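Nothing in this text is a laboratory measurement; each read-out follows from the coordinates by a stated rule. The structure displayed is predicted, hence computed values, not measured ones. Cβ sites come from the backbone with ideal geometry, for glycine too, and all protein chains shown count toward neighbours.
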Amino acid sequence: MTLDPSALDTVLTWVAGILMVAGSALSLSAAVGLLRFPDLITRMHAATKPQVLGSLLLLTAVGLQLRSWALVPLALVAWIFQLLTVPVSAHMVGRAGYRTKHLKDARLSVDELEDVVARLEREHAARRPGSGGADDGGADGERAGAPMLREDGS
Amino acid sequence: MTGADALVMPWVLVACSVLLGLAALGAIVRMVKGPALLDRVLASDVLLVVLSGALMVDMAANRHTNHVALIVGITLIGFVGSVTVARFVQDRRPR
């Protein structure tokens, strides 16, 4: 079967159009999840996951529409760096959200981090007698990075 | 512009504009409503990705490469803001 150039052109244009609409719909799904989910952690889940696939689809559409191989490395760089950086920001937001108690405990089915944080706080309090055990609410935000930051300071 | 482009791309542009506009609106609503600082940071991240998606749609529909450097730059350094804010966030909510 031979494919004449104009038919190939039409097929590529239709595929690019479908990919563009699908990528935009994935962005919209991220926004809907951001609006509808009840909790910081679930919102972070919705905000960070569909977008990577959406930007992959849109970059593919750009490559298909421009019909140029020179664009492929740039698109690859853009997508790989998105794959690398989105988990970093999601991890930092989730970490800060957990340490500042921005989550509803009743919605968690399992909380494995709780034991680790409690152990680190016990060790931290044992290393500095006198100030340990003062567990008022205001210290939570400051404790966000405390066990790792104060290692050399005190 | 080829024949298929003239047929397909106007409808695709309309659909993508509506979808991305609704996405940006949702992110802005979440940014205004809050309730916490981290929610606003997440919403601003989503808004940035929606913006880069709009740039990519523009490039694909009109067949130019004007925004490629901007796309690569956004994906490279777009995460710095939310990481910085998340690192220094304090809990000021009453409990």
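Before moving on, here are some points about what is shown:
- Applying 1/(1 + (r/R0)^6) with r as the Cβ-Cβ distance of A:V88 and A:E123 and R0 = 35 angstrom yields a FRET efficiency of 0.85.
- Helical content of chain B, expressed as a calculated mean residue ellipticity at 222 nm, amounts to -27000 deg cm²/dmol (DSSP H runs of 4 or more residues, -39,500 (n - 2.57) each, divided by residue number, nearest 500).
- The convex hull built on the alpha-carbon positions of the range A:21-100 has an orientation-averaged projected area of 5.3 nm².
- Rounded FRET efficiency, nearest 0.05, which uses the C-beta distance separating A:T42 from B:W11 and R0 of 41 Å: 0.75
- Segment A:E114-A:I80, extension gain: residue separation times 0.36 nm, minus the distance between their alpha carbons: 9.0 nm
- Inter-label distance for A:R67 and A:V52, nm, one decimal - labels placed 7 Å from Cα along Cα-to-Cβ: 3.3 nm
- Packing-based ranking, highest mean first, of A:6-18, A:37-49 given that Cβ atoms within 10 Å are counted: A:37-49, A:6-18
- Per residue of B:30-37, other chain Cβ atoms within 10 Å of the residue Cβ number 3 on average.
- For A:57-63, mean number of other protein chain Cβ atoms within 10 Å: 6
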